[in-house]
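What follows is one structure encoded as C-alpha coordinates, with my remarks underneath.
The values are calculated or read from the model by the stated rules, or taken from the named source; none is laboratory data. Given the structure is predicted, the values throughout are model-derived calculations rather than measurements. Every residue, glycine among them, receives a Cβ derived from its backbone with ideal geometry; neighbour counts consider all protein chains shown. The protein model used for the area step is the full one, side chains on, heavy atoms only, and it has no ligands, DNA or RNA in it. Shrake-Rupley method; radii C 1.70, N 1.55, O 1.52, S 1.80 Å.
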Amino acid sequence: MTTILLIDDDPATLEVINASLLPHFRTRIATRGGKGIELAIMSPAPDLVLLDLELPDMNGYQVCSALKRNTRTAEIPVIFLSSHTDIADIIRGLELGAVDYVPKPVEPPILLARVRTQLRLRQAQIYLADRNLHLESLVSERTHALEARTLDLQRSQELTIVALGAIAETRDNETGNHIRRTRAYVRTLVEYFLQQPAQRERMPLEEWGLIWKCAPLHDIGKVGIPDQILLKEGPLDADEFEIMKRHTTLGRNALRAAELGGDTRHPFLRIASEIIYSHHERWNGTGYPEGLCGEDIPFAARLMAIADVYDALISKRVYKPALPHGKAVEIIVQGRGKQFDPLIVDCFLVCAETFNTIATGHSDAPPPWPVAGASLATARSGDAAGQGSLQELRHS
(Lines give C-alpha, C1' and ligand atoms only; values in the text may rest on other atoms or scores of the structure.)
Protein backbone atom coordinates (compact mmCIF):
# COMPACT_ATOMS: atom_id res chain seq x y z
CA MET A 1 0.00 0.00 0.00
CA THR A 2 1.22 3.51 -0.80
CA THR A 3 2.82 5.25 2.21
CA ILE A 4 2.80 9.00 2.87
CA LEU A 5 5.19 10.49 5.44
CA LEU A 6 3.78 13.56 7.28
CA ILE A 7 6.33 15.86 8.96
CA ASP A 8 4.49 18.62 10.85
CA ASP A 9 4.35 19.74 14.48
CA ASP A 10 0.82 21.22 14.40
CA PRO A 11 -1.65 18.68 15.88
CA ALA A 12 -4.66 20.30 14.21
CA THR A 13 -3.01 20.19 10.78
CA LEU A 14 -1.87 16.59 11.30
CA GLU A 15 -5.38 15.55 12.26
CA VAL A 16 -6.92 17.10 9.14
CA ILE A 17 -4.27 15.71 6.76
CA ASN A 18 -4.20 12.25 8.34
CA ALA A 19 -8.00 11.97 8.22
CA SER A 20 -8.05 12.86 4.52
CA LEU A 21 -5.22 10.46 3.59
CA LEU A 22 -6.02 7.36 5.66
CA PRO A 23 -8.95 6.16 3.48
CA HIS A 24 -6.51 5.98 0.55
CA PHE A 25 -2.96 5.62 1.88
CA ARG A 26 -0.89 4.37 4.81
CA THR A 27 0.70 7.22 6.82
CA ARG A 28 3.75 7.79 9.01
CA ILE A 29 3.89 10.87 11.24
CA ALA A 30 6.79 12.86 12.65
CA THR A 31 6.55 16.12 14.60
CA ARG A 32 10.28 16.93 14.34
CA GLY A 33 12.56 17.19 11.34
CA GLY A 34 15.15 14.75 12.66
CA LYS A 35 12.55 12.11 13.35
CA GLY A 36 11.06 12.66 9.90
CA ILE A 37 14.43 11.94 8.28
CA GLU A 38 14.67 8.70 10.31
CA LEU A 39 11.18 7.61 9.20
CA ALA A 40 12.05 8.41 5.57
CA ILE A 41 15.02 6.02 5.71
CA MET A 42 12.95 3.19 7.18
CA SER A 43 12.08 0.28 4.89
CA PRO A 44 9.84 0.28 3.00
CA ALA A 45 10.56 3.86 2.04
CA PRO A 46 7.60 6.26 1.87
CA ASP A 47 6.25 7.04 -1.58
CA LEU A 48 5.85 10.76 -0.85
CA VAL A 49 6.69 13.27 1.92
CA LEU A 50 4.44 16.12 3.10
CA LEU A 51 6.80 18.55 4.84
CA ASP A 52 6.02 21.61 6.95
CA LEU A 53 8.42 24.54 6.60
CA GLU A 54 8.43 25.39 10.31
CA LEU A 55 9.54 22.64 12.72
CA PRO A 56 10.88 22.76 16.30
CA ASP A 57 14.38 21.41 15.60
CA MET A 58 15.09 22.37 11.99
CA ASN A 59 13.24 24.06 9.14
CA GLY A 60 11.69 22.27 6.21
CA TYR A 61 14.39 23.44 3.80
CA GLN A 62 17.03 21.68 5.92
CA VAL A 63 14.96 18.50 6.06
CA CYS A 64 14.41 18.56 2.30
CA SER A 65 18.14 19.10 1.66
CA ALA A 66 19.00 16.16 3.91
CA LEU A 67 16.54 13.90 2.09
CA LYS A 68 17.89 14.90 -1.32
CA ARG A 69 21.51 14.29 -0.27
CA ASN A 70 20.77 10.72 0.83
CA THR A 71 20.71 8.25 -2.07
CA ARG A 72 18.09 6.19 -0.21
CA THR A 73 15.62 9.10 -0.08
CA ALA A 74 16.71 11.40 -2.92
CA GLU A 75 14.01 10.23 -5.34
CA ILE A 76 11.10 10.51 -2.88
CA PRO A 77 8.81 13.41 -3.94
CA VAL A 78 8.53 16.18 -1.34
CA ILE A 79 5.55 18.56 -1.13
CA PHE A 80 5.99 21.58 1.14
CA LEU A 81 3.21 22.73 3.49
CA SER A 82 3.28 26.33 4.70
CA SER A 83 1.17 29.32 5.59
CA HIS A 84 3.74 31.46 3.76
CA THR A 85 2.73 32.28 0.18
CA ASP A 86 5.75 34.33 -0.83
CA ILE A 87 6.95 33.43 -4.34
CA ALA A 88 10.57 33.49 -3.16
CA ASP A 89 9.78 30.80 -0.57
CA ILE A 90 8.14 28.64 -3.21
CA ILE A 91 11.09 29.03 -5.61
CA ARG A 92 13.57 28.19 -2.84
CA GLY A 93 11.70 24.97 -2.06
CA LEU A 94 11.52 23.94 -5.72
CA GLU A 95 15.23 24.64 -6.18
CA LEU A 96 15.99 22.31 -3.26
CA GLY A 97 14.15 19.51 -5.05
CA ALA A 98 10.57 19.78 -3.81
CA VAL A 99 7.95 18.96 -6.43
CA ASP A 100 5.03 21.10 -5.21
CA TYR A 101 3.78 23.51 -2.58
CA VAL A 102 0.41 23.40 -0.74
CA PRO A 103 -0.65 26.44 1.30
CA LYS A 104 -2.05 26.23 4.81
CA PRO A 105 -4.73 25.91 6.01
CA VAL A 106 -4.82 22.71 3.97
CA GLU A 107 -7.91 21.98 1.89
CA PRO A 108 -8.20 18.14 1.86
CA PRO A 109 -9.59 17.81 -1.73
CA ILE A 110 -6.78 20.00 -3.11
CA LEU A 111 -4.15 18.15 -1.08
CA LEU A 112 -5.42 14.74 -2.29
CA ALA A 113 -5.34 15.94 -5.91
CA ARG A 114 -1.75 17.21 -5.56
CA VAL A 115 -0.62 14.03 -3.82
CA ARG A 116 -2.14 11.80 -6.48
CA THR A 117 -0.58 13.90 -9.25
CA GLN A 118 2.91 13.54 -7.78
CA LEU A 119 2.43 9.82 -7.15
CA ARG A 120 1.50 9.39 -10.83
CA LEU A 121 4.66 11.22 -11.88
CA ARG A 122 6.78 9.08 -9.56
CA GLN A 123 5.17 5.94 -10.98
CA ALA A 124 6.01 7.22 -14.47
CA GLN A 125 9.67 7.69 -13.47
CA ILE A 126 9.85 4.16 -12.06
CA TYR A 127 8.11 2.78 -15.12
CA LEU A 128 10.56 4.52 -17.45
CA ALA A 129 13.51 3.11 -15.51
CA ASP A 130 12.08 -0.41 -15.60
CA ARG A 131 11.17 -0.02 -19.26
CA ASN A 132 14.69 1.09 -20.18
CA LEU A 133 16.29 -1.88 -18.41
CA HIS A 134 13.77 -4.21 -20.02
CA LEU A 135 14.46 -2.86 -23.51
CA GLU A 136 18.23 -3.17 -23.02
CA SER A 137 17.85 -6.78 -21.96
CA LEU A 138 15.65 -7.53 -24.97
CA VAL A 139 18.26 -6.05 -27.31
CA SER A 140 21.06 -8.17 -25.81
CA GLU A 141 19.07 -11.41 -25.48
CA ARG A 142 16.94 -11.33 -28.62
CA THR A 143 19.20 -9.89 -31.30
CA HIS A 144 17.82 -12.39 -33.79
CA ALA A 145 14.17 -12.05 -32.77
CA LEU A 146 11.52 -12.27 -35.47
CA GLU A 147 10.77 -9.04 -37.33
CA ALA A 148 7.11 -9.19 -36.34
CA ARG A 149 8.00 -9.30 -32.65
CA THR A 150 10.33 -6.31 -33.09
CA LEU A 151 7.52 -4.34 -34.71
CA ASP A 152 5.22 -5.19 -31.81
CA LEU A 153 7.84 -3.94 -29.36
CA GLN A 154 8.22 -0.68 -31.26
CA ARG A 155 4.46 -0.14 -31.27
CA SER A 156 4.32 -0.85 -27.56
CA GLN A 157 7.08 1.70 -26.94
CA GLU A 158 5.29 4.33 -29.01
CA LEU A 159 2.03 3.76 -27.14
CA THR A 160 3.90 3.96 -23.83
CA ILE A 161 5.45 7.30 -24.80
CA VAL A 162 2.08 8.73 -25.83
CA ALA A 163 0.53 7.50 -22.58
CA LEU A 164 3.30 9.11 -20.52
CA GLY A 165 2.92 12.36 -22.46
CA ALA A 166 -0.79 12.30 -21.64
CA ILE A 167 0.09 12.45 -17.93
CA ALA A 168 0.99 16.11 -18.42
CA GLU A 169 -2.36 16.72 -20.13
CA THR A 170 -4.19 15.68 -16.96
CA ARG A 171 -2.92 18.93 -15.40
CA ASP A 172 -4.15 21.16 -18.23
CA ASN A 173 -7.28 19.87 -19.96
CA GLU A 174 -7.34 22.62 -22.57
CA THR A 175 -4.45 21.17 -24.56
CA GLY A 176 -6.63 18.34 -25.90
CA ASN A 177 -4.93 16.62 -28.80
CA HIS A 178 -1.79 18.75 -28.44
CA ILE A 179 0.62 15.82 -28.04
CA ARG A 180 -0.90 13.97 -31.02
CA ARG A 181 -0.68 17.01 -33.25
CA THR A 182 2.85 17.99 -32.27
CA ARG A 183 4.00 14.39 -32.75
CA ALA A 184 2.60 14.45 -36.29
CA TYR A 185 4.13 17.89 -37.02
CA VAL A 186 7.58 16.71 -35.92
CA ARG A 187 7.22 13.53 -37.99
CA THR A 188 6.38 15.69 -41.01
CA LEU A 189 9.55 17.75 -40.52
CA VAL A 190 11.67 14.63 -39.98
CA GLU A 191 10.36 13.00 -43.16
CA TYR A 192 11.14 16.15 -45.14
CA PHE A 193 14.74 16.28 -43.88
CA LEU A 194 15.20 12.58 -44.63
CA GLN A 195 14.49 13.39 -48.27
CA GLN A 196 17.50 15.74 -48.33
CA PRO A 197 20.75 13.69 -48.68
CA ALA A 198 22.89 16.38 -47.06
CA GLN A 199 20.60 16.56 -44.03
CA ARG A 200 20.03 12.82 -43.68
CA GLU A 201 23.65 12.37 -42.58
CA ARG A 202 23.08 14.37 -39.39
CA MET A 203 22.31 11.19 -37.43
CA PRO A 204 21.60 7.46 -37.82
CA LEU A 205 18.25 6.57 -39.37
CA GLU A 206 17.03 5.07 -36.07
CA GLU A 207 17.58 8.35 -34.26
CA TRP A 208 15.60 10.30 -36.86
CA GLY A 209 12.63 8.07 -36.03
CA LEU A 210 13.13 8.53 -32.30
CA ILE A 211 12.73 12.32 -32.63
CA TRP A 212 9.05 12.19 -33.52
CA LYS A 213 8.39 9.19 -31.28
CA CYS A 214 9.77 11.11 -28.27
CA ALA A 215 7.90 14.33 -29.10
CA PRO A 216 4.85 13.52 -26.89
CA LEU A 217 7.07 13.75 -23.80
CA HIS A 218 8.11 17.38 -24.40
CA ASP A 219 5.90 18.89 -21.68
CA ILE A 220 5.82 16.04 -19.16
CA GLY A 221 7.52 18.34 -16.64
CA LYS A 222 4.33 20.40 -16.39
CA VAL A 223 3.10 17.77 -13.96
CA GLY A 224 5.42 19.35 -11.40
CA ILE A 225 4.23 22.96 -11.84
CA PRO A 226 1.88 24.22 -9.05
CA ASP A 227 -1.78 24.55 -10.05
CA GLN A 228 -1.96 28.24 -9.15
CA ILE A 229 0.62 28.95 -11.85
CA LEU A 230 -0.17 26.32 -14.49
CA LEU A 231 -3.91 27.08 -14.48
CA LYS A 232 -3.75 30.81 -13.75
CA GLU A 233 -6.02 32.99 -15.88
CA GLY A 234 -4.24 36.16 -16.86
CA PRO A 235 -0.57 37.03 -17.41
CA LEU A 236 2.16 35.42 -15.34
CA ASP A 237 4.41 37.82 -13.48
CA ALA A 238 8.19 37.47 -13.68
CA ASP A 239 8.47 35.22 -10.60
CA GLU A 240 5.64 32.96 -11.75
CA PHE A 241 7.20 32.69 -15.18
CA GLU A 242 10.47 31.57 -13.57
CA ILE A 243 8.57 28.72 -11.92
CA MET A 244 6.77 27.88 -15.19
CA LYS A 245 10.13 27.62 -16.96
CA ARG A 246 11.14 24.85 -14.55
CA HIS A 247 8.95 22.35 -16.43
CA THR A 248 11.89 21.78 -18.79
CA THR A 249 14.20 20.83 -15.92
CA LEU A 250 11.57 18.79 -14.09
CA GLY A 251 10.87 16.75 -17.21
CA ARG A 252 14.56 16.21 -17.95
CA ASN A 253 15.14 15.08 -14.38
CA ALA A 254 12.30 12.57 -14.63
CA LEU A 255 14.10 10.90 -17.53
CA ARG A 256 17.39 10.97 -15.67
CA ALA A 257 15.75 8.76 -13.06
CA ALA A 258 15.06 6.25 -15.83
CA GLU A 259 18.80 5.92 -16.47
CA LEU A 260 19.49 4.63 -12.95
CA GLY A 261 20.91 1.14 -13.10
CA GLY A 262 21.74 1.27 -16.81
CA ASP A 263 25.32 0.88 -18.00
CA THR A 264 24.75 2.87 -21.20
CA ARG A 265 22.58 5.78 -22.23
CA HIS A 266 19.89 4.64 -24.65
CA PRO A 267 19.39 6.99 -27.65
CA PHE A 268 15.68 7.21 -26.77
CA LEU A 269 16.48 8.75 -23.37
CA ARG A 270 19.09 11.11 -24.82
CA ILE A 271 16.82 12.43 -27.58
CA ALA A 272 13.79 12.65 -25.28
CA SER A 273 15.87 14.59 -22.74
CA GLU A 274 17.10 16.99 -25.44
CA ILE A 275 13.54 17.67 -26.57
CA ILE A 276 12.16 18.09 -23.05
CA TYR A 277 14.99 20.28 -21.76
CA SER A 278 15.77 22.47 -24.79
CA HIS A 279 12.55 22.98 -26.78
CA HIS A 280 12.22 26.54 -25.36
CA GLU A 281 15.75 27.58 -26.36
CA ARG A 282 15.92 30.24 -29.07
CA TRP A 283 18.17 30.49 -32.10
CA ASN A 284 19.39 33.94 -30.96
CA GLY A 285 20.22 32.76 -27.42
CA THR A 286 17.33 34.43 -25.55
CA GLY A 287 15.50 31.22 -24.62
CA TYR A 288 15.66 28.97 -21.59
CA PRO A 289 16.80 27.09 -19.54
CA GLU A 290 20.43 27.41 -20.72
CA GLY A 291 20.28 30.37 -23.12
CA LEU A 292 21.79 28.24 -25.89
CA CYS A 293 21.98 29.69 -29.38
CA GLY A 294 22.33 28.46 -32.96
CA GLU A 295 23.75 25.00 -33.55
CA ASP A 296 24.40 24.56 -29.82
CA ILE A 297 20.68 23.84 -29.44
CA PRO A 298 20.03 20.12 -30.05
CA PHE A 299 18.53 19.57 -33.48
CA ALA A 300 15.61 17.54 -32.12
CA ALA A 301 14.70 20.42 -29.78
CA ARG A 302 14.81 22.90 -32.68
CA LEU A 303 12.31 20.77 -34.58
CA MET A 304 10.10 20.49 -31.50
CA ALA A 305 10.18 24.25 -30.94
CA ILE A 306 8.47 25.06 -34.22
CA ALA A 307 5.91 22.26 -33.87
CA ASP A 308 5.12 23.32 -30.30
CA VAL A 309 4.76 27.04 -30.99
CA TYR A 310 2.69 26.49 -34.15
CA ASP A 311 0.25 24.31 -32.22
CA ALA A 312 0.06 26.80 -29.35
CA LEU A 313 -0.74 29.56 -31.83
CA ILE A 314 -3.58 27.71 -33.57
CA SER A 315 -5.05 26.38 -30.30
CA LYS A 316 -7.41 28.08 -27.87
CA ARG A 317 -5.99 28.29 -24.36
CA VAL A 318 -7.24 29.80 -21.10
CA TYR A 319 -5.01 32.81 -21.72
CA LYS A 320 -5.46 33.36 -25.50
CA PRO A 321 -7.77 32.73 -28.46
CA ALA A 322 -6.89 30.40 -31.32
CA LEU A 323 -5.23 32.01 -34.34
CA PRO A 324 -5.89 31.01 -37.96
CA HIS A 325 -3.29 28.91 -39.78
CA GLY A 326 -2.15 31.82 -41.97
CA LYS A 327 -1.50 34.08 -38.99
CA ALA A 328 0.42 31.29 -37.23
CA VAL A 329 2.62 30.82 -40.31
CA GLU A 330 3.26 34.56 -40.44
CA ILE A 331 4.41 34.60 -36.80
CA ILE A 332 6.69 31.58 -37.33
CA VAL A 333 8.29 33.38 -40.31
CA GLN A 334 8.81 36.50 -38.16
CA GLY A 335 10.77 34.32 -35.75
CA ARG A 336 13.16 33.04 -38.46
CA GLY A 337 16.72 33.54 -37.27
CA LYS A 338 15.46 34.91 -33.94
CA GLN A 339 13.46 32.25 -32.16
CA PHE A 340 13.79 29.50 -34.76
CA ASP A 341 16.49 27.83 -36.85
CA PRO A 342 16.21 29.45 -40.33
CA LEU A 343 16.69 26.09 -42.05
CA ILE A 344 13.82 24.53 -40.09
CA VAL A 345 11.57 27.53 -40.79
CA ASP A 346 12.21 27.03 -44.51
CA CYS A 347 11.30 23.37 -44.11
CA PHE A 348 8.17 24.37 -42.17
CA LEU A 349 7.05 26.64 -45.03
CA VAL A 350 7.32 23.74 -47.47
CA CYS A 351 5.25 21.57 -45.10
CA ALA A 352 2.86 24.26 -43.84
CA GLU A 353 -0.23 22.89 -45.57
CA THR A 354 0.48 19.45 -44.12
CA PHE A 355 0.59 21.08 -40.67
CA ASN A 356 -2.81 22.65 -41.39
CA THR A 357 -4.23 19.29 -42.44
CA ILE A 358 -2.93 17.65 -39.26
CA ALA A 359 -4.38 20.42 -37.11
CA THR A 360 -7.77 20.06 -38.76
CA GLY A 361 -7.75 16.27 -38.47
CA HIS A 362 -6.94 16.35 -34.74
CA SER A 363 -8.86 19.46 -33.79
CA ASP A 364 -9.89 19.99 -30.15
CA ALA A 365 -13.14 21.64 -31.20
CA PRO A 366 -14.74 22.87 -34.46
CA PRO A 367 -15.48 26.57 -33.71
CA PRO A 368 -14.65 29.10 -36.48
CA TRP A 369 -11.25 30.77 -36.50
CA PRO A 370 -10.97 34.30 -35.06
CA VAL A 371 -10.81 37.18 -37.49
CA ALA A 372 -7.73 37.38 -39.69
CA GLY A 373 -6.44 40.42 -37.82
CA ALA A 374 -6.22 38.58 -34.49
CA SER A 375 -2.90 38.90 -32.69
CA LEU A 376 -1.03 37.54 -29.73
CA ALA A 377 -1.89 40.57 -27.59
CA THR A 378 -3.78 38.40 -25.11
CA ALA A 379 -1.27 35.54 -25.12
CA ARG A 380 0.70 34.64 -22.03
CA SER A 381 4.23 35.71 -22.72
CA GLY A 382 7.71 35.79 -21.32
CA ASP A 383 8.05 39.50 -22.12
CA ALA A 384 7.81 40.31 -18.39
CA ALA A 385 10.97 38.29 -17.92
CA GLY A 386 12.71 39.88 -20.92
CA GLN A 387 12.26 36.98 -23.27
CA GLY A 388 12.20 38.99 -26.50
CA SER A 389 9.81 40.39 -29.06
CA LEU A 390 8.21 37.18 -30.25
CA GLN A 391 5.96 36.36 -27.33
CA GLU A 392 6.73 33.29 -25.23
CA LEU A 393 3.64 31.05 -25.24
CA ARG A 394 3.51 29.76 -21.70
CA HIS A 395 1.76 26.46 -22.37
CA SER A 396 3.42 25.61 -25.69
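Name the long-range amide H neighbours of PHE340: under 5 Å, sequence gap of 5 or more, or other chain; modelled H, no Pro or chain starts.
Amide H neighbours of PHE340: TRP283.
Hey, rough spin-label estimate for ARG120 and ASN59, points 7 angstrom out along Cα→Cβ, what's it come to in nanometres?
Here the answer is 3.3 nm between the modelled labels.
When the accessible area of segment 3-129 is computed with all protein chains present and a 1.4 Å probe, what percentage of it is carbon and sulfur?
The C+S portion of the solvent-accessible surface of segment 3-129 is 55 percent.
Under the definition of Cα pairs under 8 Å and six or more residues apart, what whole-number percent is the relative contact order of segment 235-340?
Once normalised by length, the contact order is 21 percent.
Would you mind classifying segment 3-129 by shape? Square roots of the alpha carbon gyration tensor eigenvalues, ordered a ≥ b ≥ c; an a/c under 1.5 is rounded, otherwise it is prolate if a/b is larger than b/c and oblate if not.
Because its axes are fairly even, with a/c under 1.5, segment 3-129 counts as rounded.
What is the spin-label model distance, in nm, from GLU95 to SER137 if the labels are put 7 Å beyond Cα along the C-beta direction?
4.2 nm
Enumerate by residue number the trypsin sites (Lys or Arg not before Pro) in segment 299-330 meeting two conditions: DSSP loop (anything except H, G, I, E, B), and at most 16 other Cβ atoms within 10 Å of the site's Cβ.
Loop-located and lightly packed - LYS316.
Between GLU207 and LEU231, how many nm apart are label points set 7 Å from Cα along the C-beta direction?
4.1 nm
Sorted by accessible area with a 1.4 angstrom probe, largest first, how do LYS35, LYS245 fall?
LYS35, LYS245
Mind scanning LYS104/LYS338; LYS68/LYS316; LYS68/LYS104; LYS68/LYS222; LYS222/LYS338 and naming the pairs with a C-alpha gap bigger than 32 Å?
LYS104/LYS338; LYS68/LYS316
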